[in-house]
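Below is the structure I would like to discuss, written out as structure tokens.
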Amino acid sequence: MRVQTSAVMLAGFLCLAPLLANATDEKKSDCKPDAVWTDFLGHGRCYTHGDKAPDPYTRDDTAIKDWKSKGLQAPDDNAQWVEISGKYVMINRENGVIKEIHGSKK
């Protein structure tokens with residue numbers, strides 16, 4: 001019974017290790033003007049061009065459909081505009097990589 005309990009505890013720790021390794025102490029005030037802040041699942045982080053955004057931003061239901069009325073260019077193929085923390089961000093839908101960040105809402 002002791003061995004089984006230890007094995008379960010070890011497996012649980014190993015499952016949590018990647019989450020702990022990616023934890024950050026970033027604050028919203030640490031973001032540079034060309035970055036965007038998002039607090040995803042309790043882990044706040046600044047994202048910049050080339051970073052992989054959290055997966056929900058690649059879903060169709062987060063896409064800005066009326067990008068033209070917001071003064072944005074047409075999104076690239078396999079990309080979409082989303083709004084994150086008051087900024088417009090073009091994200092590649094296939095891999096989640098941030099392609100562009102436009103400052104505050106227009």
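Of everything in the stretch 69-86, what is modelled with pLDDT under 95 and crowded, with 17+ Cβ neighbours inside 10 Å? Give them in sequence order.
Ile84
If you go through the stretch 16-55 one residue at a time, how many are at pLDDT 90 or above, assigned to a loop (DSSP other than H, G, I, E, B) and surrounded by fewer than 11 Cβ atoms within 10 Å (Cβ to Cβ)?
1
Which of the residues that make up the stretch 56-68 are loosely packed, with under 10 Cβ neighbours inside 10 Å and part of a helix (DSSP H, G or I)?
Asp60, Asp61
Okay, residues lined up against (1) closer than 18 Å to Gly103 by Cβ; (2) touching a residue at least 40 places away in the same chain (Cβ under 8 Å); (3) not hydroxyl-bearing (Ser, Thr, Tyr):
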residue	(1), (2), (3)
Trp37	yes, yes, yes
Gly44	no, no, yes
Tyr47	yes, yes, no
Pro54	no, yes, yes
Thr62	no, no, no
Lys65	no, no, yes
Leu72	yes, no, yes
Pro75	yes, no, yes
Trp81	yes, no, yes
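The values are calculated or read from the model by the stated rules, or taken from the named source; none is laboratory data. On a predicted model such as this, the values are computed, not experimentally measured, just so you know. For neighbour counting, all protein chains shown are included, and Cβ atoms are generated from backbone atoms with ideal geometry for every residue, glycine included.
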